[in-house]
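Asker: This is the structure, below, for whatever I ask next.
Taken together, the values in this text are just the output of simple stated rules run on the coordinates, not laboratory data. Nothing here was measured: the structure is a model prediction, and the numbers come from that model. For neighbour counting, all protein chains shown are included, and Cβ atoms are generated from backbone atoms with ideal geometry for every residue, glycine included.
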């Protein structure tokens, strides 16, 4: 049986419509286009239901035949969300007060989709975290209320089954999947105390000792927490409004790894600058980070926070894994030129490099073969429209918004996992009447005085770094590391030569003699050996300090003074070893 064709919801000033995905790219025959201006559209998690609010009513229909499931008289609704099993529809409208009602009316409504009845009406002033978070089996739902997390069981919102009370909880994220559910909570630091993120397993909330993991840190005015699909670890991006060192206009940022088994680590990023994007691979065993001053670096890390592959530098600020995890798109949108690099993740080989100018939105189709890019208002109010691409760079369908109209939102239909199998990656552009859009090589700015001169390394504004597998070798080592490596190789070669020239030991050699032959070579002077060991220890400490400095950490004065002694120590080591 062939997989279904995903639908694309399109919302704009001229109405709401559903488009059959490629290869048809035609309006869905089962959906009656709504010409009124909709405020929001959404699909249920399994893609079977579609809901939208058009300024008059909230409508929910079945995608398969367009039949109406429910209609709610809620003209001011601006947010919609289905529960994972489609039992509940959550609606939110801006909170308002009136002379008749000083407290205002409840603006968060929970509706039973089967009966159309109102299950609960709640107050939710801010749009942030407006919707309750459900576990995939709907056995647990949680929402934040006045520094507390309120947990509900089996969609009974009239009874609070459990509470997690922590002073000034400002954010939380419920883990994906079903039982056992876990929750990550963030508490900002006050009066010099550090901020922290803790992981709990429901319903074990008995104090800090009940936490599965705890990670504290400074320089974390805001955080973004991201669970992997297996709910085994969380990536915590931290940021501050101001960089007190003055090194960055964007403030200071950091990335932390926290696992449910209690392990935690700081992800060391070798290039200074902002962290633009962090995304988990669908297999939950690695993640990609886009970071550093432009041109930005992109690196894949494993669960030990060790780099797996370095994509070098480029004009990029976002990363998108395909739903199947076999393709990664590195893109530069917003104030960048819209360049998209498509990579085969299994081979770490680039499939193509294409360009989508003025793009404000990107999303993978659930089939893992197509993507949509769009230019939407209010981010950009000119050149609105969208394109459907094959990942090889071919534009399969293009729709430009008419003059005077605006495009507000495009959204792919959702599907359960494993509906679309992974297909082999193709490197040849898919056939298309619209062709492909190759990324143009941007010409770097050159001052007028240099425009008639040949390009030299000193005239480059940025030092471009190719991907790891295109550098012709490993990443360049430091000067001290190269010297030490040469000396190690020379000593190793000398030991091999000595071993070949040495006579074969007698068969009745004693263990003591064998041990003396296998011992490391010495200078014969214990005092000299001691000095060599001490100097090497100091050089290793300097290498560690250099790595910390490269990761963006500010070193203390005594640490900087230690690093300045590297040349002196290298010279001393060379003299001692020559004396060997």
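Asker: Just rank 563, 340, fewest to most, by other beta-carbon atoms within 10 angstrom.
Answerer: Ordered from fewest to most neighbouring Cβ atoms within 10 Å, 563, 340 come out as 563, 340.
Asker: Which residues does the label zone of residue 125 cover in region 81-95, counting backbone N under 16 Å from a point 7 Å along Cα→Cβ?
Answerer: Inside the label zone: 93-95.
Asker: Would you kindly state how much longer the chain becomes between residue 399 and residue 574 on full extension, computed as 0.36 nm times their sequence separation minus their alpha carbon distance, in nm to one decimal?
Answerer: Roughly 56.1 nm would be gained on extension.
Asker: Take region 243-348, compute every pairwise Cα distance, and split them into 5 Å bins from 0; I just need the percent in each bin.
Answerer: Pairs per bin, as whole percents: 2, 12, 23, 23, 19, 13, 5, 2, 0.
Asker: Mind pulling up the Rg/Rh value for region 34-75? Radius of gyration and Kirkwood radius, both on Cα.
Answerer: 0.95
Asker: Rounded to the nearest 0.05, what FRET efficiency do residue 272 and residue 78 give with R0 = 51 Å and r taken as the Cβ-Cβ distance? Could you check?
Answerer: 0.80
Asker: Next question. May I ask for the Rg/Rh ratio of region 111-198, computed from Cα atoms with Rh as the Kirkwood radius, given to two decimals?
Answerer: Dividing the radius of gyration by the Kirkwood radius yields 1.01.
Asker: Alpha carbons only, please: Rg and Dmax for region 13-59, in angstrom.
Answerer: Expressed in Å, the Cα Rg and Dmax of region 13-59 come to 11.3, 34.
Asker: If you don't mind, another one. So, in Å, what gap is there between the alpha-carbon centers of region 540-573 and region 249-271?
Answerer: If we compute the Cα centre of each part, the gap is 23 Å.
Asker: Evaluate region 1-159: find the radius of gyration of its Cα atoms, find its Kirkwood radius, and give the ratio Rg to Rh.
Answerer: 1.00
Asker: What order do you get for 425, 197, 279 when you list them from fewest to most C-beta neighbours inside 10 Å?
Answerer: Going from least to most buried by this count: 279, 425, 197.
Asker: Right, another one. Between residue 546 and residue 190, take the C-beta separation as r, use R0 = 51 Å, and let me know the FRET efficiency to the nearest 0.05.
Answerer: 0.90
Asker: Which of the peptides 357-364, 294-301, 69-76 is most tightly packed, and how do the rest follow, judged by the mean count of other Cβ atoms within 10 Å per residue?
Answerer: Answer by packing, highest mean first, reads 294-301, 357-364, 69-76.
Asker: Can you give me the C-alpha center-to-center distance between region 292-366 and region 62-83, rounded to a whole angstrom?
Answerer: Cα centroid to Cα centroid, the span is 35 Å.
Asker: Using the Cα atoms of region 285-339, I'd like the radius of gyration and the largest Cα-Cα distance, Dmax, both in angstrom.
Answerer: For region 285-339, the Cα radius of gyration and maximum Cα-Cα distance read 11.4, 34 Å.
Asker: In units of 2.2 N^0.38 Å, what is the alpha-carbon radius of gyration of region 540-580?
Answerer: 1.38
Asker: Got a sec? How would 327, 140 order by Cβ neighbour count within 10 Å, fewest to most?
Answerer: 327, 140
Asker: Could you state the orientation-averaged shadow area of the convex hull built on the Cα atoms of region 66-145, in nm² to one decimal?
Answerer: Over every viewing direction, the Cα hull of region 66-145 projects on average to 6.2 nm².
Asker: Per-residue counts of other Cβ atoms within 10 Å, averaged by peptide: what ranking do you get for 564-576, 306-318, highest first?
Answerer: The most tightly packed comes first, giving 306-318, 564-576.
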